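Right, one structure below, let's go through it.
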Amino acid sequence: MRDWWRDLNDLVLPAECGGCGRPRTVLCARCRTALSGAAPRRVRPVPEPPGLPSVHAAARYADEVRAALLAHKERGVLSLAGPLGAALAKAVRAGLASAPGSRAGPRDAPGGPLFLVPVPSARRAVRARGHDPARRIAYAAAGELRRAGVPARVLPALRQRRDVADQSGLNSRQRLANLDGALTVASGCGRLLAGGRVVLVDDLMTTGASLAEAARAVRTPRAEPGPARPEAEPGPVSGARADSAAGSSISGAAFVYLGESWERRGEQWNGPARRRMGRRSGRPTGAVGPGRADGIIDVMCAAVVAASPDAFGMHRN
């Protein structure tokens, strides 16, 4: 009971700052400045993996920022999702502002809804941690963007189709080989992606291998299934159900998260797939929005909370 009350108290009155350890604050003013005080910058890992989209990061992965990300990811300090999401939202806006075809900024960019597509964690990591850090931060970022007038939604379209090794300790070449072909777009999500603007998001970029593989999976032409079975009207999506969806393949219906409470509200999309993505014929298929007629979906950009300091060193526009 003492442990239970201490955990509950930490949710209401955080025991310490996630960045520096200062007592009774989620993230102190100094650590907030380190996280999101500077303008996001475009980052490029060395070597840069093939197919990596333009990536913007809010901060360098060092010191207080590194401590805050690890506290959220490994220690389950979920109250840090808010400030981390605010930093990610700034990086998303910077990426959209510099994306081709976005002249007046992200709010005025052409196309359908803005989909934040998080890079999924391994299923065993989600089970061990009790949550998917990148997805939780993406929910917070989407809320920040909507409050700023940007119609952002979280679409957890990617899933792992095979097990991968732990990335820690692997160099850039080994990470590329480890993730090669590991991700795929869940059934039912291709049509949604084709009808909107796609931004890949993650909490951290080191070698860029995860984002490059995510971009490859999104851009790969695919055939959508036939008409889906009618489903009951969806209700609110709880955290447990959302994390359950994260660890399993999404078939038949795609879950698009709209609510500002991250995992607590959801909207289920269901309907017939009237055309097959990636199917070539003599007549154009006429993809909706920024999706292309050959079934390939364009990734506008990618955004992360933090990137390795070396990636900032190679910054150039």
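The values are calculated or read from the model by the stated rules, or taken from the named source; none is laboratory data. Just so it is clear, the structure is predicted and the values come from calculations on it, not from any experiment. A quick note on method: Cβ atoms are made from the backbone with ideal geometry, for glycine too, and the neighbour counts reach across all protein chains shown. The protein model used for the area step is the full one, side chains on, heavy atoms only, and it has no ligands, DNA or RNA in it. Shrake-Rupley method; radii C 1.70, N 1.55, O 1.52, S 1.80 Å.
Side notes on the structure shown:
- Nearest-10 value in Å² for the accessible area of residue 180, using the 1.4 Å probe: 100
- The calculated FRET efficiency for the pair residue 128 and residue 173, based on their C-beta separation and a Förster distance of 30 Å, comes to about 0.65.
- Figure legend: label point modelled 7 angstrom from the Cα of residue 310 along Cα→Cβ; residues of region 24-58 with amide N under 13 Å from it are 44-49.
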